[in-house]
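Novice: Handing you this structure, nothing more for now.
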Amino acid sequence: MSAPSLNAALLLLADSRLPAGGHGHSGGAEAAIAAGAVRDLPTLAAFLRGRLATSGLVAACLAASACALAASSAGSGTAGDPAGAPPGGWAELDAEAGARTASPAQREASRVQGRLLLRTARRIWPSPVLDGLARAVPEGAHHPVALGAAAGVAGCAPGEAALAAAYAAVTGPATAAVRLLGLDPVAVHRLLADLAPDLERAASTGSGAAASPASVPPPRTAASVWAELPAHSAPALDLLAERHLRAGLRLFVS
Amino acid sequence: MGADHDDRHHAPHPHGRALRLGVGGPVGSGKTALTAALCRALGRTLRLAVVTNDIYTTEDADFLRRAGVLDPGRIAAVQTGCCPHTAIRDDIAANLDAVETLEERFGPLDLVIVESGGDNLTATFSRGLADRQIFVLDVSGGDKVPRKGGPGVTTADLLVINKTDLAPMVGADLTVMSRDAAAVREGRPVLFTSIRQEPEAHAVAEWVIGVVEAWAHGHGTGPRGHGHDSGSPGPGHRAGSPGHSHDHTPV
């Protein structure tokens with residue numbers, strides 16, 4: 001049986017060494033550690049599972065749709081005229097991401113990371129599609145949208161974009177916990193390996209939910225499909241993010 | 001960040017933007033004090049902004065703001081997630097974003113100082129972030145430090161050895177430090193300072209004025225020609241701006 005082919009660009013996008021500012025964010029781990037909610041391997045495992053099942057799954061779905069939108073923009077030549085109006089779709093999809101991110105601190109962290117990722121992706125995979133996204137969301141696209149768009153331009157499938165988003169949702173906080181708590185990095189990677197089936201399920205959900213204007217038959221619209229994307233929330237993560245912003249001593253931006 | 005992003009290319013410099021000066025060095029050597037000194041010495045004559053890379057919260061930025069050496073709005077803080085060297089060398093995205101945001105808001109500028117978080121002797125700035133870099137040591141770390149070398153000591157465009165007033169108290173021999181630094185730096189300059197005694201660090205400020213003027217006149221690549229090997233012909237690449245194309249990436 002032949003292995004499914006995986007786009008190698010996905011590995012670059014998912015790599016923590018991608019110079020896109022991710023190292024400065026803990027995905028809520030620093031605040032959870034400060035609050036005593038994460039203090040060892042079992043509590044970190046619970047934190048990561050909770051994050052993946054909520055904001056991680058939502059990010060996977062948004063990234064998959066952004067990937068599909070990027071691919072359809074590139075294919076249909078609707079990436080937008082560099083001098084003209086921003087192309088359609090991006091602002092709507094980005095608004096769906098914002099609507100699913102209740103905490104203002106998390107929204108800001110998501111936009112900052114999205115802006116930095118897009119800055120990096122536009123130099124690595126120059127494309128009018130990414131230029132169009134930057135123009136459509138000048139304050140910085142939400143991270144899952146930027147990640148999905150970059151993945152689409154790099155030739156990845158929506159499911160691959162979703163996998164990268166789900167992976168980022170757990171590896172960021174895991175790495176931060178290693179630094180902040182001095183946990184055994186091998187033991188933490190074993191936790192991550194145990195999450196592999198959950199990551200794949202999130203990717204599959206994201207892939208199934210992905211929609212672009214090209215893939216949605218009338219009278220429905222892509223925007224109406226995006227409005228129905230999963231919207232799981234994690235109130236504890238929201239509250240921790242707000243608390244982190246006001247913390248007197250912090251190492252990570254978020 | 002909703003500023004007018006189309007208005008990026010307004011700076012009159014031949015490079016299209018201000019000189020970016022990195023200030024790095026170990027913890028406690030005087031990076032923030034030197035940055036404050038440069039703001040004091042140059043803030044009235046040059047159009048300045050500062051990016052700090054704090055290890056904890058925004059302490060360095062707050063110190064500079066309290067020092068009253070520069071309009072607080074012109075000081076931006078970047079947080080580095082336990083990894084100050086990563087933010088200035090391996091993943092410069094957050095710092096570039098901060099620099100460009102300051103240039104958009106206050107530009108055109110002559111000089112943007114990027115102060116790194118305190119790190120070790122191997123921490124240097126990516127040439128994608130800093131056009132020139134100063135490495136700051138202090139005598140209380142021991143007079144053997146220049147001999148130990150490391151990329152900061154050997155390759156920085158200027159090596160500053162601070163806290164010379166403490167030399168007699170810690171038994172540091174400035175002659176030894178000067179000789180050892182000269183031996184590993186292939187003629188690149190070394191300046192001794194005591195910012196506590198001379199809060200405007202005139203000698204360093206003069207060096208900075210020199211590199212800012214050279215930059216403004218288009219002699220940007222300097223004696224070491226660093227700009228050409230950074231390999232970044234990005235979407236904003238323009239003829240005549242060697243190696244700095246990334247700075248023009250439209251957002």
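Novice: Roughly how many debye, to the nearest 20, is the charge dipole of the range B:17-219 about its Cα centre, given +1 on each Lys and Arg Cβ, -1 on each Asp and Glu Cβ, and no other charges?
Specialist: 260 debye
Novice: How fast does the range B:17-219 diffuse by Stokes-Einstein, in µm²/s, taking the Kirkwood radius from C-alpha pairs at 10 °C and 1.306 mPa s?
Specialist: The diffusion coefficient I find is 95 µm²/s.
Novice: Right, something else. What helices in chain A pass both tests, a Cα length along the helix axis of 27 Å or more and a mean Kyte hydropathy of 0.5 or higher, using whole DSSP H runs?
Specialist: A:57-76, A:158-181
Novice: Compare A:Arg51, A:Arg111, A:Arg243 in a GNM of chain A, Cα atoms joined below 10 Å, and give the one with the largest fluctuation.
Specialist: Result: A:Arg243 has the largest fluctuation of those listed.
Novice: Taking just the alpha-carbon atoms of the range A:149-254, what radius of gyration and Dmax come out, in angstrom?
Specialist: For the range A:149-254, the Cα-based Rg and Dmax read 17.5, 55 Å.
Novice: On average, how much accessible surface per residue is there in chain A, in Å², for a 1.4 Å probe, leaving out ligands, DNA and RNA?
Specialist: Numbers: 10740 Å² over 254 residues.
Roughly 42 Å² per residue, with all protein chains present.
Novice: Taking each pair of different alpha-carbon atoms in the range A:22-245 once, compute 1/r for the pair, average those values, and report the inverse of that mean as the Kirkwood hydrodynamic radius in Å to one decimal.
Specialist: Every distinct Cα pair counted, the radius reaches 17.4 Å.
Novice: Label points 7 Å out from Cα along the Cβ direction at B:Arg188 and A:Asp194: separation in nm?
Specialist: 4.8 nm
Novice: So how far apart, in nm, are the two label points at B:Lys148 and B:Glu59 if each is 7 Å from Cα heading toward Cβ?
Specialist: With each label placed 7 Å out from Cα toward Cβ, I get 2.0 nm.
Novice: While we're here: Which value, in debye to the nearest 20, gives the size of the charge dipole of the range A:1-152 about its Cα centre, when Lys and Arg are +1 and Asp and Glu are -1 at the Cβ?
Specialist: The dipole magnitude comes to about 260 debye.
Novice: Give me the percent of the accessible area of the protein assembly as shown that comes from carbon and sulfur atoms, probe 1.4 Å, all protein chains in place.
Specialist: 57 percent
Novice: Moving on. In 20 Å bins starting at zero, report the fraction of Cα pairs in the protein assembly as shown per bin as a rounded %.
Specialist: 23, 51, 24, 2, 0
Novice: Skipping prolines and chain starts, which residues have an amide H placed within reach, meaning under 5 Å, of the one on B:Leu109, given they are 5 or more residues away or on another chain?
Specialist: Long-range HN contacts for B:Leu109: B:Ala18.
Novice: If eta is 1.002 mPa s and T is 20 °C, what Stokes-Einstein diffusion coefficient results for the range A:94-136, Kirkwood Rh from Cα pairs, in µm²/s?
Specialist: Numbers: Rh = 11.2 Å.
Calculated translational D: 192 µm²/s.
Novice: Okay, next question. Between B:Ala203 and B:Val176, what length comes free when the chain is fully extended (0.36 nm per residue of separation minus the Cα-Cα distance, one decimal in nm)? Intermediate results must be reported in sequence, preceding the final value.
Specialist: Working: separation 27, 0.36 × 27 = 9.72 nm, distance 2.04 nm.
That pair, B:Ala203 and B:Val176, stretches by 7.7 nm at full extension.
Novice: I've got another one for you. In the protein assembly as shown, if the dipole is taken from +1 on Lys/Arg beta carbons and -1 on Asp/Glu beta carbons about the Cα centre, which of B:Gly141, B:Ile161, B:Gly171 is farthest to the positive end?
Specialist: B:Gly171
Novice: Taking chain A as a Gaussian network, where each spring joins two C-alpha atoms under 10 Å apart, which residue of A:Ala174, A:Ala14, A:Ala99 fluctuates the most?
Specialist: In the Gaussian network model the winner is A:Ala99.
The values are calculated or read from the model by the stated rules, or taken from the named source; none is laboratory data. Values in this document were obtained by computation on a predicted structure and should not be read as measured data. All Cβ positions, glycine included, derive from the backbone under ideal geometry; neighbour counts span all protein chains shown. Just the protein is used for accessible areas: all its heavy atoms, side chains included, with ligands, DNA and RNA removed. Shrake-Rupley method; radii C 1.70, N 1.55, O 1.52, S 1.80 Å.
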